[in-house]
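The structure appears below as structure tokens.
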Amino acid sequence: MRHPTFRIILTLVSLHHLTGSIQVAKIGLNDNTFKTIPRHFWHDISSPYTELPDDDIEEESEESTTHDPYPFFDETNMTANVTTQLGNDVYLHCRVNDLRERTVTWVRRKGDDIHLITVGRHTYSSDSRYSLQYQAPNDWQLLIQYANERDEGLYECQISSHPPLVFLVYLIVVVPRVEIVDERGVATVDKFYKAGSTIELKCIISKVPQPTSYVTWKHGMRMLNYDTSRGGISVKTDLLTGGAMSRLYIANANRYDSGNYTCALADIAQATVAVHVLNGENPAAMQHGGSAEWRPLTSTMLMLLLLALISYCIR
């Protein structure tokens, strides 16, 4: 059974719809009667005839459209270039703000192919050199150990928002260049010295992002940088912009000093030269490549052939 007040209210709604006005006093009700009625009652029973005040509608609209903060990257231009040296460990940074419940994913893009590397803190790459290193408060770092030339290229840090956000990182892997050069600064594979002279080899290291003095010299498999067994060996290395220059000196050369000499930048790159210690020959004439190197040998061979021919004829 309906409450009498409810019947009265229905009657008022009908009258309001028909006449457009209601005089509460005429039917024996006072203002207190309506104070107990729920705020949205008129809207619930009389819509579309009775509308809520505009401020109430706006308030409900604002509540229904409230969203979580949208994630964003620290880098405003959404791209970065990273340069590393062959063999180094490198970190690709991806700093994300307001991530909340969303996920960060690293992928490698090669043309039209996309290779999944990490999702959240889990690594899915088959290459064990790749891993996710999270650094609080917001840096989702991709670590690549012992970077090689195949690692160079485009990487994407993606956020699982709608639409997805993407931060691009282009990795450049620099391969150092190591050359053993002659007095003219030209790369050489052979050096000739006279017995008793001083062997001087010069090694130029270039294309190195960070200066390094870790240059080693070897004679065959024997390390020379700290060798004291022979005596008369010294190594001097100077740092240059983007590289280094290293010199090896060996005093009072003898035939045991002949052989292959290697200049190496750690285990990354190296160059080798063959050293020839000569007894009595003219090293200067043999030092240069091309025809100059072969003329003395050709003359000697012709002389020997001529002597052999004369000896044969005399017999």
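Below is a table of values for the structure above.
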read-out	value
Calculated diffusion of the range 116-257, Stokes-Einstein form, Kirkwood radius summed over Cα pairs, 20 °C and 1.002 mPa s, µm²/s	111
Surface share of carbon and sulfur [accessible, 1.4 angstrom probe, percent] for the range 72-174	47
Extension gain from Asn81 to Asn254, taking 0.36 nm per residue of separation minus the Cα-Cα distance	57.1 nm
Simple spin-label estimate for Thr241 and Asp74 in nanometres, 7 Å along Cα-Cβ	3.0
Extension gain, Asn225 back to Asn88 (0.36 nm per residue minus Cα-Cα distance, nm)	47.0 nm
Unit Cα scatterers, Debye sum, the range 72-174: log10 I(q)/I(0) for q = 0.13, 0.19, 0.20, 0.23 Å⁻¹	-0.42, -0.92, -1.03, -1.37
Solvent accessible area, Å² - Asp68, 1.4 Å probe, full protein context	110
Full-extension gain in nm, Leu168 to Thr272, via 0.36 nm per residue minus C-alpha separation	33.4 nm
The range 214-220 - phi-based ³J(HN,Hα) in whole Hz, Karplus 6.51/-1.76/1.60, Gly and Pro as x	7, 10, 10, 10, 10, 10, x
Cα gyration tensor shape for the range 221-267, rounded if a/c is under 1.5, else prolate or oblate	prolate
³J(HN,Hα), Karplus 6.51/-1.76/1.60, whole Hz, each residue of the range 194-207, x for Gly, Pro	8, 4, x, 7, 9, 6, 10, 10, 10, 10, 10, 10, 9, 6
Where labels lie 7 Å past Cα in the beta-carbon direction, separation of Tyr214 and Arg95 in nm	2.8
Label-to-label distance, nm, for residues given as Asp113 and Tyr134 (7 Å Cα→Cβ offset)	3.0
The range 177-278 - Rg (one decimal) and Dmax (whole number), Cα, Å	13.0, 40
The range 84-93 - phi-based ³J(HN,Hα) in whole Hz, Karplus 6.51/-1.76/1.60, Gly and Pro as x	9, 9, 3, x, 7, 7, 9, 10, 9, 8
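The values are calculated or read from the model by the stated rules, or taken from the named source; none is laboratory data. Quick caveat, the model's predicted, so the values are computed rather than measured. Ideal geometry is used to build each Cβ from the backbone, glycine not excepted, and the neighbour counts take in all protein chains shown. The accessibility values were calculated without ligands, DNA or RNA, using every heavy atom of the protein model including side chains. Shrake-Rupley method; radii C 1.70, N 1.55, O 1.52, S 1.80 Å.
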